[in-house]
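Enquirer: Have a look at the structure that comes next, please.
Taken together, the values in this text are just the output of simple stated rules run on the coordinates, not laboratory data. Small disclaimer: the values here were computed from a predicted structure and weren't measured. Here the Cβ positions follow ideal geometry from the backbone for every residue, glycine too, while neighbour counts run over all protein chains shown.
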C-alpha cells in the first residue's frame with residue numbers, strides 16, 4: 001500500500017489534470033478526477049500516522065493552493081456557461097417573436113357564411 005505522501009502526490013497530479021480539463025471545458029473528466037482526488041486525500045489522511053508533519057503540511061498547503069485554482073477556474077466556466085445560456089434565451093425569444101409575426105392568417109372563417 002502507498003504511504004500518505006505518495007497518495008497526496010497522486011492527488012496533486014489528479015488536481016492538475018482536473019484543472020486542465022476545466023480549462024478546456026471537459027466537465028465530465030474534471031468531475032471524475034475530482035472524485036478520485038477526494039478518495040486519495042481521504043486515504044492519505046487515514047494513513048497519516050508516522051509521517052513527518054512538515055512534509056504532510058507542505059503537501060496539504062499545495063493541495064489548498066490547487067483547490068483555490070480549481071475553484072477559480074470552475075467559476076470562470078460557470079460564468080461563461082451562464083452568459084451563453086442567457087444569449088440562447090434571448091435568441092430563442094427573438095425567434096419566437098418572428099414566428100408570431102410571420103403567422104399566416106386564413107382568408108376565410110368557418111363561422112362566417114359568404115353565400116349571402
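Enquirer: Could you look through region 66-80, keep only residues that are under 20 Å from residue 9 (Cα atoms) and surrounded by fewer than 12 Cβ atoms within 10 Å (Cβ to Cβ), and pick out the one that is farthest from the chain's Cα centre (by Cα)?
Expert: Start the filter on region 66-80 by keeping residues that are under 20 Å from residue 9 (Cα atoms), which leaves 66-71.
Then drop every residue that is not surrounded by fewer than 12 Cβ atoms within 10 Å (Cβ to Cβ), which leaves 68, 71.
Values: 68: 15, 71: 10 Å.
Step by step, filter region 66-80, then rank; the result is 68.
Enquirer: Does residue 22 qualify as being touching a helix residue (DSSP H, G or I) at 6+ places or on another chain (Cβ under 9 Å), within 26 Å of residue 78 (Cβ to Cβ) and touching a residue at least 40 places away in the same chain (Cβ under 8 Å)?
Expert: Spelling it out, residue 22 is indeed touching a helix residue (DSSP H, G or I) at 6+ places or on another chain (Cβ under 9 Å), within 26 Å of residue 78 (Cβ to Cβ) and touching a residue at least 40 places away in the same chain (Cβ under 8 Å).
Enquirer: Kindly list the number of the only condition in (1) more than 19 Å from the chain's Cα centre (by Cα); (2) surrounded by fewer than 16 Cβ atoms within 10 Å (Cβ to Cβ) that fails for residue 7.
Expert: Against the list (1) more than 19 Å from the chain's Cα centre (by Cα); (2) surrounded by fewer than 16 Cβ atoms within 10 Å (Cβ to Cβ), residue 7 comes up short only on (2).
Enquirer: Quick test of your reading of the structure: residue 50 fulfils all but one of (1) part of a helix (DSSP H, G or I); (2) without any contact (Cβ under 8 Å) to a residue 12 or more places away in the chain. Name the failing condition by number.
Expert: (1)
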